[in-house]
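What follows is a single structure, written as structure tokens, with notes after it.
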Amino acid sequence: MRKAQGSWEKRILKSLNSMCTELSIPLARKRPVGEQKELLNKWNEMGTDEPVLDLSLFRPVYAPKDFLEVLINLRNPNYENGDSHSFRTHLGLIQVPLKVKDIPELKEFFVELGLTAGQLGVDDSTQVPPELFENEHVRIGQKVLSEQDSAAAQQYIRQGSPTALRAELWALILNISSQPEDILYYEQLKTNVIQHDLLVDSLIYKDVKLTASNDDYYFVFEDYLYQVLLCFSRDTSVLGHFAYSSASPPKSYIRGKLGLEEYAVFYPPNGVIPFHGFSMYVAPLCFLYHEPSKLYQIFREMYVRFFFRLHSISSHPSGIVSLCLLFETLLQTYLPQLFYHLREIGAQPLRISFKWMVRAFSGYLATDQLLLLWDRILGYNSLEILAVLAAAVFAFRAVNLMEVTSLAAAEAVLADLSTLKVMPLLQIFLFATVT
Amino acid sequence: MAGKVKWVTDIEKSVLINNFEKRGWVQVTENEDWNFYWMSVQTIRNVFSVETGYRLSDDQIVNHFPNHYELTRKDLMVKNIKRYRKELEKEGSPLAEKDESGKYLYLDFVPITYMLPADYNLFVEEFRKSPSSTWIMKPCGKAQGKGIFLINKLSQIKKWSRDSKTSSFMTQSTKEAYVISLYINNPLLIGGRKFDLRLYVLVSTYRPLRCYMYKLGFCRFCTVKYTPSTSELDNMFVHLTNVAIQKHGEDYNHIHGGKWAVNNLRLYLESTRGREVTGKLFDEIHWVIVQSLKAVAPVMNNDKHCFECYGYDIIIDDKLKPWLIEVNASPSLTSSTANDRILKYNLINDTLNIAVPNGEIPDCKWNKSPPKEVLGNYEILYDEELAQGDGADRELRSRPGQSLGPRGGRSRDSGRTVLTTWK
């Protein structure tokens, strides 16, 4: 796995370097004083400011579908599938035999989502009187917050967070408290942005303009996204997460000193090269936090706890490879007819659901539903729910999907998830389907 | 085709025509026998005018009240609200209660407004009280932001002065009527930008008052960051939220058109400010709309052939207080984006379901009480008959922000059906 991750990283870096050479733009340069002043003035409205470079020259370093191709080609050289004891071979795209949970194990893992427990996202709908669940749940949430009990908050949020308490609960679970030194640190990062211009900045601008700026839910927060992501790419504390990631930060060399380790620097400073759609990890958080340094801290913590696993190759149960395999296995095991049909018409389900999982469904679900989903990511400290939801969506649209005869038609059936209610879908799939 | 509704319109918009056609209605011309006429405001003037008007028969319905301008002309709206407040004060109603500084506690929802040139001197007196304030000049009879400008100096509106030198060359009637209102220079900003709310309200009858609020309203955002700085008072992209203006801005986006669903606003406010203040804000918005309708109800010609779908423009300030800016009789049916088209199509669809029950030939003698199932995305905003049935003393207890009964005070992503709280 590490080898695969290593070669993927090489490819990305090569792509970045060649863009840099093609466009004759340095990876990093110090801004002239005039430009620094201007950027400082425009800090709160970078969305309307003309970036110095023509953005059409840039292309994203990679998109999720490029990454999927790499994952599809992963093979374990030690694995012999020769005389298989199991009658069922895996018909999906992922060919790496990682251990994933089956539905009985998932039911146990996600026991709080069961039908006998109350849920926000189900039991707070208009038809249900609030005395039945909601009022008490809110009261408990307030108690958890007043006691500042992080572990209790994590347990509590498995049943969903009331809208008004969510911002504080997430901060509690992620151990974010805005201390003066945190605000100072953010201001320091901001100064770094003002003083130095990175090539990666243009990639960030481009990504925001392509995704969040056009999104019905998030376009309002465009300027916050620049403020967070530009600082993020300069934050060397993020390098810490590479200690538990299979990935390594890309290295670059001072001009003219290629190969000399004393002149190697991590590029970008935080070691994370953004890909197409990266800004969508930040966008939903803007509904919860309007103070930039707090928004920044929350995003950074979400990234180093969860999101980094969605775009690096590892064997971790919450890593994207495992999620893909979990999704495919669930579908093949519990909806075999649908799976087989889609495969036959050249519409491997993972080709459609991959982009949902890589983005943790941001930009695909309505925001209120997305936040209910991310509540559970925090509550269970796992991304597996993304794979389960993806399978549940296919199960929900199974009837229509059985009638399509092409990949394009299948994509069309699953193009619009904005009306879906995630908790009922998950409950039906895990707890109410005859297996 | 006996039994099919015959329709006419002088507004060529697909969201209308598609809705008529999907009901299997038959298009006819104005001179033929028609049942349903979706008319522009010019046409309604002709239909009900003394010279050119004609009587409508029982099976004919139109989409405007004859004197809707009592609500939809900026100067008349303000006049009627001022009159309504004074009346309530005279009868000692608790709704007209004032605070120590003389401001109405519950009925102060329209910014201080004067008519020009008629109230010029009164305006000058008010202006001099706070000379650094900004005021907004709006022509009474125009729409889409046309002719609007901001002033912060008396010299900028000299020509509306009654004693101005120019008045000797012009008669008063040729000087265009304007209203001047105190500009709300502390609007609530989201993402640093100013926005206003567009809410659709359907009125089926004024006496008794029965009105519905469309759950899918939206915020209209400016494309440029807001600044109260005097150097940007001329920059309409900062101050005016009308799409007709913003769409000419450099940063106008054709995918979302600067429109943000009201549900997003609710989610954002509840997440960042808490449930109580958000609930209170939305309660107050509903209150403002109902009070504005009650204010004009006595002077409205409650013709039984009429219904009307208004576009309410509301601005929220940074203290989370809603202000009524104006009411539009002919809210735009042009679609600026794909989502917009869907929204307006559904708006017309739900409106027709309420105004023309079962899609059958109308009988304007019906009681205008549609069953709950046909409301679609509308919810009952205020039903005077129902409210009175609950007991007249409800009126006294009803204040914005107070919730009554076990079903009060709930908020939903899909909009509230809890206007029973303060009715």
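Values quoted throughout were computed directly from the atomic coordinates according to the rules given, and no laboratory measurement underlies them. Here the structure is a predicted model, which means the values were calculated and not measured. Backbone-built Cβ (ideal geometry, glycine too); neighbour counts: all protein chains shown.
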Inter-chain shielding metric for B:270-282, i.e. average beta-carbon neighbours from other chains within 10 angstrom, reads 4
Among B:212, B:104, B:44, the residue whose Cα sits farthest towards the positive end of the charge dipole of chain B (+1 at Cβ of Lys and Arg, -1 at Cβ of Asp and Glu, taken about the Cα centre) is B:104
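Is there a quick way to get the dipole size of the range B:250-309? I mean about its Cα centre, with the Cβ of Lys and Arg at +1 and of Asp and Glu at -1; what is the value in debye to the nearest 20?
Dipole size: approximately 220 debye.
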Listing A:228, B:78, B:201 by rising number of other beta-carbon atoms within 10 angstrom, fewest first, gives B:78, B:201, A:228
In deg cm²/dmol, rounded to the nearest 500, the helical mean residue ellipticity at 222 nm of chain A, built from -39500 (n - 2.57) for every DSSP H run of length 4 or more, is -15000 deg cm²/dmol
If amide H atoms are modeled at 1.01 Å from N in the peptide plane, then the residues at a separation of 5 or more from residue A:120, or on another chain, having amide H under 5 Å from its own are A:160
Looks like chain A, by Cα gyration tensor root eigenvalues a ≥ b ≥ c and the a/c under 1.5 rounded cutoff (else prolate when a/b is bigger than b/c, oblate otherwise), is oblate
The alpha-carbon center of the range B:20-90 and that of the range A:288-327 are separated, in whole Å, by 57
Looking only at aspartates and glutamates whose Cα falls under 18 Å of residue B:4's and that sit 8 or more positions away or on another chain, we get B:21, B:30, B:32, B:33, B:58, B:59, B:360, B:363
In this structure, among B:138/B:321; B:82/B:138; A:14/A:65, pairs with alpha-carbon gaps over 27 Å are none
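Can you give the FRET efficiency to the nearest 0.05 for residue A:428 and residue B:21, using r as the Cβ-Cβ distance and R₀ = 45 Å?
Details: r = 38 Å, r/R0 = 0.84.
Step by step, r from the Cβ atoms, then E = 0.75.
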So for the protein assembly as shown, using the alpha carbon gyration tensor with a ≥ b ≥ c as root eigenvalues (a/c under 1.5 gives rounded; past that, a/b versus b/c decides prolate or oblate), I'd call it prolate
Once phi for every residue in the range B:205-215 is put through the Karplus expression 6.51 cos²θ - 1.76 cosθ + 1.60 (θ = phi - 60°), the whole-Hz ³J(HN,Hα) values, with Gly and Pro written as x, are 7, 8, 9, x, 6, 9, 9, 10, 10, 7, 5
Under a Gaussian network model of chain B whose springs join Cα atoms within less than 10 Å, the largest fluctuation of B:339, B:302, B:263 belongs to B:339
Counting only residues 5 or more apart in sequence or on a different chain, those whose built amide H sits under 5 Å from that of residue A:420 are A:366
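Please compute the net charge surrounding residue B:354, taking Lys and Arg as +1 and Asp and Glu as -1 over other residues with Cβ under 12 Å from its Cβ. All intermediate terms of the calculation are to be shown ahead of the outcome.
Details: positive: B:210, B:368, B:372; negative: B:308, B:350, B:373, B:379.
Net charge in that neighbourhood comes out at -1.
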With +1 on the Cβ of every Lys and Arg and -1 on the Cβ of every Asp and Glu, the dipole magnitude of the protein assembly as shown about its Cα centre, in debye rounded to the nearest 20, is 1100
In this structure, among A:3/A:355; B:215/B:372; B:142/B:194; B:142/B:247, pairs with alpha-carbon gaps over 20 Å are A:3/A:355; B:142/B:194
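Using only atoms on other chains, find how many Cβ atoms lie within 10 Å of each Cβ of peptide B:258-268 and report the average. All intermediate terms of the calculation are to be shown ahead of the outcome.
Values: counts 2, 2, 5, 4, 0, 4, 8, 1, 2, 9, 9.
Per residue, the number of nearby Cβ atoms from other chains is 4 on average.
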Calc'd 3J(HN,Hα), the range B:306-320, phi into Karplus 6.51 cos²θ - 1.76 cosθ + 1.60 (θ = phi - 60°), Hz, glycine/Pro = x, comes to 10, 9, 8, 10, 9, x, 8, 10, 10, 10, 9, 8, 6, 9, 6
Shielding of A:284-291 by other chains, given as the mean Cβ count within 10 Å, works out to 3
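I need the shape label for chain B. Rule: rounded when a/c is under 1.5, else prolate if a/b > b/c, else oblate, with a, b, c from the alpha carbon gyration tensor.
On the way: a/c = 1.40, a/b = 1.25, b/c = 1.12.
Because its axes are fairly even, with a/c under 1.5, chain B counts as rounded.
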Between residue A:251 and residues 5 or more places away or on another chain, the pairs with built amide H atoms under 5 Å apart involve A:267
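Cβ neighbours within 10 Å, averaged per peptide: list A:206-217, A:131-142 in order, most packed at the top. Present the calculation step by step, with values, prior to reporting the outcome.
Values: A:206-217: 20.8, A:131-142: 15.6.
Sorting A:206-217, A:131-142 by mean packing, highest first, produces A:206-217, A:131-142.
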In nm, the gap between the two label points placed 7 Å beyond Cα toward Cβ at residue B:46 and residue A:73 is 7.1
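Taking neighbour counts of Cβ atoms within 10 Å as a proxy for exposure, in what order, fewest first, do B:248, B:239 appear? Can you show the working numbers first?
Values: B:248 11, B:239 25.
Ascending number of Cβ neighbours within 10 Å: B:248, B:239.
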Ordered by number, the trypsin sites (Lys or Arg not before Pro) in the range B:33-112 that occupy a DSSP loop and have at most 14 other Cβ atoms within 10 Å are B:55, B:103
Looking only at aspartates and glutamates whose Cα falls under 14 Å of residue B:294's and that sit 8 or more positions away or on another chain, we get B:70, B:87, B:383, B:384, B:385, B:395
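Which ordering of B:276, A:108 is given by a fewest-first count of other beta-carbon atoms within 10 Å?
Working: B:276 14, A:108 10.
In increasing order of surrounding Cβ atoms, one gets A:108, B:276.
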Of the candidates A:205, A:270, A:152, the farthest towards the positive dipole end of chain A (Lys/Arg Cβ +1, Asp/Glu Cβ -1, centred on the Cα centre) is A:270
